Amino acid sequence: MAINKDFLGPQGDEEEIFSIEALVFSTQVALQRAMNRKGVSNKELAEKLGMTPARVSQIFSSNGPNLTLKTIARIAHALGEDFELVRKKDIKSPPSAAQMERYKCVIVQLDPRRSPSVWHEHEIAANGKKPKKMNLVA
């Protein structure tokens, strides 16, 4: 019986490819968010960089060219933003109890003993308190 490769996640060379693609994508997203914050279009960015709008579109394409750090820095500078390459472990911190409470897990299930239009919502509190039960009508 073969083990499903997708279930195991990336293996060997695939891990490297995944790592590269994840960094490229997160960089593209960060630059695109900066553009959105500043209200800058691809055409306006192209003008600031002395590039064609097609070249800027390529930069944000999933099949685009490999971005150099210089290109990323030029884009950030043109947008008036400062970027820094930081290791994920250096910026990730475990969520606080307040954050956990804010994002409680909500489970919704249909009660087969009642009308199909009646739902029960159970809140599971992060602090271990007994879940509240509410009846909702769809």
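We did not get these values from a lab; they are worked out from the coordinates using the rules stated. Just so it is clear, the structure is predicted and the values come from calculations on it, not from any experiment. Counting neighbours? That spans all protein chains shown, and the Cβs are built from the backbone with ideal geometry, glycine included.
Worth pointing out:
- For residue 74, net neighbour charge (Lys/Arg +1, Asp/Glu -1) across residues whose Cβ lies under 14 Å away: 0
- Spin-label model distance (nm) - residue 70 vs residue 16, 7 Å beyond Cα toward Cβ: 2.5
- Relative frequency of Cα-Cα separations exceeding 14 Å in the range 10-91, percent: 66
- Gain in span if fully extended, residue 63 to residue 47, counting 0.36 nm per residue against the direct Cα distance: 3.5 nm
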